[in-house]
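Below: one structure, written as structure tokens.
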Amino acid sequence: MKYLVMVQGSQADYDAMKGEASPQSPAWSEQDLRAMFAYMNSINDDLAESGEWIDGQGLVEPSRTRFVTADSEGRPVVQDGPYDPAQAVLAGYWVLECTSLDRVTEIAARVAQCPQPPGAPEYPVVIRPIDESGGSDLGPATDTATG
């Protein structure tokens with residue numbers, strides 16, 4: 001089974017990693033960053049060695065995010081902000097192929113133990129199974145009004 005494992009962060013967290021403290025997050029030192037990256041690289045190496053790794057990436061800060069919707073006439077509407085600096089968003093992910101939900105939960109628990117400076121916010125590590133059925137396991141559509 002394939003799983004998407006996600007970590008979260010806010011713009012304030014990204015700023016803190018650049019040394020800019022805020023009420024939401026203390027400033028990270030260079031040593032803090034090195035420890036975090038070494039820890040995550042160790043997880044990535046272990047997942048690649050076990051054959052469970054499919055893909056994984058860290059994402060750039062939320063302030064570089066673009067939202068695209070469509071207006072009532074189908075034309076694109078592009079929004080580059082503003083952003084709530086404390087709002088948690090997707091900060092990185094792994095796509096893993098694991099033998100069970102228990103196994104991917106073990107991996108997520110390890111991710112959750114990533115070192116960070118005291119007082120840094122802690123976010124849950126999110127696990128979502130990937131639907132490889134293309135929706136075929138949803139069953140036939142039924143009209144609930146007519147049965």
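The values are calculated or read from the model by the stated rules, or taken from the named source; none is laboratory data. The shown structure was predicted, so the numbers you read here are calculated from the model rather than taken from an experiment. Cβ coordinates were reconstructed from backbone atoms using ideal geometry, including for glycine residues, and neighbour counts include every protein chain displayed. Remember, those area values only see protein heavy atoms, side chains included, never the ligands or the DNA or RNA. Shrake-Rupley method; radii C 1.70, N 1.55, O 1.52, S 1.80 Å.
Of the solvent-accessible surface of the chain, computed with a 1.4 Å probe over protein heavy atoms with every protein chain present, carbon and sulfur atoms account for 53 percent.
Size of the chain from its Cα atoms: along the principal axes, largest to smallest, the extents are 62, 44, 23 Å. Over the chain, accessible surface divided per residue gives 65 Å², non-protein components excluded, 1.4 Å probe.
When the GluC sites (Glu not before Pro) in region 6-49 are filtered for DSSP coil states and for at most 16 other beta-carbon atoms within 10 Å of their beta-carbon, the remaining sites are 20.
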